[in-house]
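To start, the structure under review is shown below, and the notes come after it.
The values are calculated or read from the model by the stated rules, or taken from the named source; none is laboratory data. Fair warning: this is a prediction, and the values are worked out from it, not measured in the lab. Note that each Cβ is placed from the backbone with ideal geometry, even for glycine, and that neighbours are counted across all protein chains shown.
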């Protein structure tokens with residue numbers, strides 16, 4: 001089976017933010033070998049919570065990863081995960097993510113949950129994949145999470161300012177025919193775990209050319 005992209009949101013109990021963050025980062029430095037590759041961890045702006053993004057190469061071990069590495073951390077109040085089995089990742093844009101932990105590049109970032117109208121799922125996905133280039137916003141990925149009750153598609157954006165990303169969502173994503181609703185989560189900080197090879201593997205798993213070729 002091809003690797004699965006997993007986005008894990010972690011609710012942190014109030015007052016235990018630093019304890020939970022440091023313990024989680026220590027756990028994620030462990031060796032998960034061929035089963036899970038952790039790409040990065042985000043601090044979310046609207047709440048003092050965390051988001052772990054990883055490639056899961058064997059879903060049989062995903063529960064162990066969640067329980068032993070994340071949910072066992074003191075201060076974790078709960079977790080929820082989105083799994084993407086299909087979608088598109090833009091190579092140049094996702095390589096820029098590796099710079100976001102550096103002071104050389106502190107651009108704004110946001111993830112957008114997109115609800116699409118049933119029956120228009122392919123049209124919405126195609127429209128998002130084919131959004132034209134924007135001078136101030138990079139579209140990093142559009143991945144499918146149709147099995148989730150929260151969203152049908154997940155979009156990752158980079159830009160110079162959070163206000164620019166919000167404007168982009170309003171003007172370009174929310175106006176796509178078939179989009180019912182969106183929810184934006186802005187990113188405050190990053191801890192990059194993946195190396196260049198891991199990000200290349202991500203783009204090979206969700207290639208932009210293949211995604212556009214198979215959209216009717």
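Could you tell me which residue of region 54-79 is nearest to the chain's Cα centre (by Cα), considering only residues that are in a strand (DSSP E or B) and farther than 17 Å from residue 143 by Cα?
Among those that are in a strand (DSSP E or B) and farther than 17 Å from residue 143 by Cα, it is 79.
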Which one is surrounded by the most Cβ atoms within 10 Å (Cβ to Cβ), of the residues in region 69-92 that are out of contact with any strand residue (DSSP E or B) (no Cβ under 7 Å at 6 or more places or on another chain) and not assigned by TED's automatic domain parsing to the domain that holds residue 12?
-> 91
On the given criteria, is residue 60 in the same structural domain as residue 147 (by TED's automatic domain parsing), exposed (fewer than 14 other Cβ atoms within 10 Å of the Cβ) and without any contact (Cβ under 8 Å) to a residue 60 or more places away in the chain?
-> no
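Yes or no: residue 97 more than 20 Å from residue 9 (Cβ to Cβ) and touching a residue at least 40 places away in the same chain (Cβ under 8 Å)? Break it down stepwise before answering.
Working: more than 20 Å from residue 9 (Cβ to Cβ): no; touching a residue at least 40 places away in the same chain (Cβ under 8 Å): yes.
Criteria not met by residue 97.
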Residues (more than 18 Å from residue 205 (Cβ to Cβ) and under 13 Å from the mean Cα position of the chain (by Cα)) located in region 11-53 = 41, 42, 43, 44, 50, 51
Of 102, 209, which residue is modelled with pLDDT under 95 and not in a helix (DSSP H, G or I)?
-> 102
Inter-residue pairs, beta-carbon under 7 Å, first free of Cβ contacts under 8 Å to residues at least 12 places away in the same chain and assigned by TED's automatic domain parsing to the domain that holds residue 52 and in region 1-26, second buried (at least 21 other Cβ atoms within 10 Å of the Cβ) and assigned to a strand (DSSP E or B), 6+ apart | none
When the residues of region 141-163 are filtered to those that are at pLDDT below 95 and farther than 22 Å from residue 40 by Cβ, which remaining residue is surrounded by the most Cβ atoms within 10 Å (Cβ to Cβ)?
-> 146
Hey, could you check region 164-199 for residues that are touching a residue at least 60 places away in the same chain (Cβ under 8 Å) and assigned to a helix (DSSP H, G or I) and say which is surrounded by the fewest Cβ atoms within 10 Å (Cβ to Cβ)?
-> 196
Which one is surrounded by the most Cβ atoms within 10 Å (Cβ to Cβ), of the residues in region 115-124 that are outside any strand (DSSP E or B) and touching a strand residue (DSSP E or B) at 6+ places or on another chain (Cβ under 6 Å)?
-> 124
Of the residues in region 181-195, how many are farther than 14 Å from residue 52 by Cα and out of contact with any helix residue (DSSP H, G or I) (no Cβ under 8 Å at 6 or more places or on another chain)?
-> 3
Does region 31-41 include one or more residues that are assigned to a strand (DSSP E or B) and free of Cβ contacts under 8 Å to residues at least 40 places away in the same chain?
-> yes
